[in-house]
1. So which residues in segment B:367-388 are buried (at least 18 other Cβ atoms within 10 Å of the Cβ) and within 11 Å of another protein chain (Cβ to nearest Cβ)?
2. Do you know which of the residues in segment A:156-198 that are surrounded by fewer than 16 Cβ atoms within 10 Å (Cβ to Cβ) and facing chain B (nearest Cβ under 7 Å) is modelled with the highest pLDDT?
3. Look at segment A:282-294 and say how many of its residues are open to solvent by 50 Å² or more (accessible area, probe 1.4 Å) and closer than 28 Å to A:Phe153 by Cα.
4. From the residues in segment A:63-83 that are surrounded by fewer than 21 Cβ atoms within 10 Å (Cβ to Cβ) and among the hydrophobic types (A, V, I, L, M, F, W, C), which one is farthest from the other protein chains (Cβ to nearest Cβ)?
5. Which pairs do you get when a residue that is farther than 12 Å from B:Asp65 by Cα, found in segment B:152-169, comes within reach of a residue that is open to solvent by 50 Å² or more (accessible area, probe 1.4 Å) and charged (D, E, K, R), reach meaning Cβ atoms under 7 angstrom, with the pair 6+ apart or on two chains?
6. Residues of segment B:334-347 being closer than 21 Å to B:Gly322 by Cα, without any contact (Cβ under 8 Å) to a residue 24 or more places away in the chain and surrounded by 12 or more Cβ atoms within 10 Å (Cβ to Cβ), which ones?
7. If you take the residues in segment B:173-211 that are open to solvent by 10 Å² or more (accessible area, probe 1.4 Å) and among the hydrophobic types (A, V, I, L, M, F, W, C), which one is farthest from the other protein chains (Cβ to nearest Cβ)?
8. Here's a check for you: in segment A:110-136, which residue that is over 22 Å from A:Glu184 (Cβ atoms) and within 14 Å of the chain's Cα centre (by Cα) is least open to solvent (accessible area, probe 1.4 Å)?
Amino acid sequence: MDDMTKLYLQRKFSEYYAENDLFIPRNMEKREWAFVAISSLPDFVMQRHMGFESTMELRAQILSNPPAHIYYSSALYNNPNAEKMEDKGWIGAELIFDIDADHISGRGNKLQRAKKEIMKLYDILENRFGVEKMEIVFSGSRGYHIHVLDEGFMKLGSAERREIVEFLTLSDYRITGFDGRLEEVYGCIAEVLRKAVRSGKLEELLRRHGIGGKQKARIIEAFSDEGVFYRIRNGDFAFLGKGKRVENFVNFLIKACARKISVEVDAPVTGDIKRLIRLPNSLHGKTGFVAKLLSYDELESFDPFSDALAFGEEEVKVMVKRKEKFKMNGEVYELLPGNAKLPECAAIFLMCRGAAIYGH
Amino acid sequence: MKSSKPLKPLLPLLPYLSRFPFLKVSGRLFELEYGSIENFLTSQKSFDVEARQLGFKIVESVLKDEKFPSDAIKQIELSFFCEVCETRGCREACKKGAMSFSWNYMLCDMCGECFLRCDYSVSDELYFRLKTIAKLNVAAYLYSRILVSLMDERARRRYAVREARRYREIMDESDATLMIFASDFGLKAKIEENVNLHVSDYLKAACRIRSKEWKLVNRKLKKGYVELTRKDFLRIVEELLRTRLAERVMITPTITPTPEINRNLAELIPISEARFVEIELGEFDAECLPPCMKKILSDLQAGLNVPHSARFAITSFLLNIGLSVDEVISLFSSAPDFDVEKTRYQVEHIAGARGTEYTAPACDTMLSYHNCYRNDSCRGINHPVNYYRRCKKASKTSKGNKKR
């Protein structure tokens, strides 16, 4: 990144922070703060172990040297600005979940899928874990975060948090008991099979798994009795008969349903009790987007390319460095290398990503 | 405040203290009876001498792996007087509202303030008998804790495991016992036919229990509470108790060991050390590395991009199995991006040169960071170092056989 671009971004980021209220996490004075200065870009030099007593102090720091990234610790410390982690005096930490679109398996629009995952996560946290206070935050780039603020979870250690992750991801090979989430898996299998029966697709499903002849007929016959779903719910698949193919079929159903009810959270993030997290409503230096705090209801229709924009329509001269295609605020941009006049929001997006430089 | 009836301090808890002297409120009884630890440690009264001997025997039986004779400790039938009490002279003592109409164990933190004002009427004779037995067990318990606090961590850990289990075996499943434990350990628990325990309390204990039925994913979890049978709840208590018992007693630094303590330790330490003869790990044997460490090491040596968590794992692992900093560095030196100075700094850091000595991550942690490459050879292993140790032990015996 050249100096002109940096100066421009510093000015624009500074304007943003001057015009907008900062999001201040509770107990801000007990948190560690960290910044990556725009001046250090493209290197990622993090200035950390900083503590602030008041909002004013924090604001002064941000305005004096506008950062590309602002982070604070999910943990509360007695001495947040101690240089060594062991001297900080850990008090507790919020429970953090990260769903990264780039880590989501399978096909489809990943950012859209990430939203689905975050909604699933929100529901599980509310209904299963009884969480009362949480924040949903757009990461500013390719994902979403949930911060659990309930006091009851603050003291959990890393191992405890990893248990929660396993509950969500169902990644562990030790899922066995009927009491826990396996009950949900079986419930899901019952629904899947019920749908297959109703839509007349059961036979095809069985055939696809190599089950045919008398065995297939017997299974289809078994489904004429409603009681079979009760058995499935209880994990009893004996009515399917025996054999390698049936075994594979059951495993296929279990896997498919486990995937359906699991949430793909990033395990190391949740397991880390001293994590630095992006400040909600601050700017993400690699996109220029606002890491927006969202309500559950806003999530469904949220599109970062129109709802997380910090900058407006004023025209800016830039030199585009590479071919780029994106849609922003309803406008489709198809850019080729060379000079261009773009609205601020698009120009800054490209500059942050290193795809354009300021002026021409 | 005047009281019309004579006080019977701690009366309702005495039966419980006699059986479960680890309850925090035992400190109240001790203070009441002795005033200070020194008074107890130096007392020559036969009662106190007997209590100390009992404490010594508890530690001795733990270290010798002997069952502690259950009749060696006098027991009182458990009954909770508060359940039938109507006088409630204790009520005003509680500022937390835990003693209003009936005892609210959810608000109580077992500070013991109210129990000191108990004026429930029982005969002086009964009160004295209850108190004597409770006092003996509390004093013996405390003495045993002092002894293990002056020993090494392994002895303390062993004591904690064994004693927590012994106490678990004499726990009953009555409402009163469960409520007392919930208050004492600060657990958010709804005690009904089953026990609904808050998930954060559940996790604190359950994540240290290895078997799969304790994994959260296998438990009934609703609105923040895990439903447990009473038996399971007591298993959770055992686990929390184990943590409590493994800690050093806070007062240790201020106690000057009496000649008696020194005599006891001189007897106990050799027993402890004989039990824990280190398995000699001997020469480094790359064949015995678990699959995860083999993979990381070969990736490093091939110059592949190895994540930070994996670098930390292999380094701490190699140090844990006894390699020196220089040996670890030389293993890494074939990597194409090898930088001696940087590597030395990092290895030394993990080795503890800068304060903390790190332990290699356990299998669970390796798994969550996607560094686990388990195969059949990992069966029954929960820590990479145990894999290595098991393999070394096996190869040693098989080599021995070949010679013969």
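1. The answer is B:Leu367, B:Ser368, B:Tyr369, B:Asn371, B:Cys372.
2. Within segment A:156-198, the match that is modelled with the highest pLDDT is A:Asp179.
3. Number of matching residues: 2.
4. Only one residue tops the list, namely A:Leu63.
5. B:Ala160/B:Arg242; B:Ala164/B:Arg242
6. Across segment B:334-347, the qualifying residues are B:Thr343, B:Arg344, B:Tyr345.
7. Only one residue tops the list, namely B:Met179.
8. The residue in question is A:Ile136.
The values are calculated or read from the model by the stated rules, or taken from the named source; none is laboratory data. Quick caveat, the model's predicted, so the values are computed rather than measured. Counting neighbours? That spans all protein chains shown, and the Cβs are built from the backbone with ideal geometry, glycine included. These accessible areas exclude ligands, DNA and RNA; they are computed on the full protein's heavy atoms, side chains included. Shrake-Rupley method; radii C 1.70, N 1.55, O 1.52, S 1.80 Å.
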